[in-house]
Amino acid sequence: MGASEDTTTGQEPRSDPEATPPLDESIRQVTEAGRATADAARHSLRSLRRLASADFALARSAFGRALAWSGVAIVFGASAWLLLAATLIALLQSWGMSWLHALLITSLLSLLVTCIAAWRVSFFFGHTGMHATRRQLSRLGLFDEPSEEDPDADVQLPEGKP
């Protein structure tokens, strides 16, 4: 190995002073790169704030709709259905059905309407989870949650826990 050869790369070091920029130019380039990095970070934080705001708005809206559907389920399940059930029971009785069968049929119909209302409530409550914001925070490493569908998750759940 020659005395003028660089030991780390195996190449000769640059000795041309015109190939390297002056110190003030290097400082200016580093300053510009720092400003660009700060601007990019500011833009990313602004985008994350907008995403969180939109996600909160979606969650608020979904929560309101879920409450509205809950109210509909309660109103129709408690007041109007009582009158309709009584009418249906009286009609089935007039057709010669026993009280047991008439009550059973109206109870099954009531259970069906209740299940439909519960399904709608669970659908709208699913939007309150803020999934987009949580996904972005996880990508930033700020809100890591173990996920079954994430093959790169390094967090192991204890046995017997979902």
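Quick check on this structure: which one of Arg65, Arg46, Arg50 is basic (Lys, Arg), surrounded by 12 or more Cβ atoms within 10 Å (Cβ to Cβ) and under 25 Å from His131 (Cβ atoms)?
Details: Arg46 fails: surrounded by 12 or more Cβ atoms within 10 Å (Cβ to Cβ); Arg50 fails: surrounded by 12 or more Cβ atoms within 10 Å (Cβ to Cβ).
On inspection, the qualifying residue turns out to be Arg65.
In the set (1) in a loop (DSSP other than H, G, I, E, B); (2) exposed (fewer than 10 other Cβ atoms within 10 Å of the Cβ); (3) modelled with pLDDT of 90 or more, Leu100 fails one condition alone, (1).
Do the conditions hold for Glu145, that is, is it part of a loop (DSSP other than H, G, I, E, B), modelled with pLDDT under 80 and touching a helix residue (DSSP H, G or I) at 6+ places or on another chain (Cβ under 7 Å)? Here the answer is yes, as Glu145 does meet what is asked.
The values are calculated or read from the model by the stated rules, or taken from the named source; none is laboratory data. Just so it is clear, the model here is predicted, and its values are computed rather than measured. Here Cβ is always computed from backbone atoms with ideal geometry, including for glycine, and neighbour counts include all displayed protein chains.
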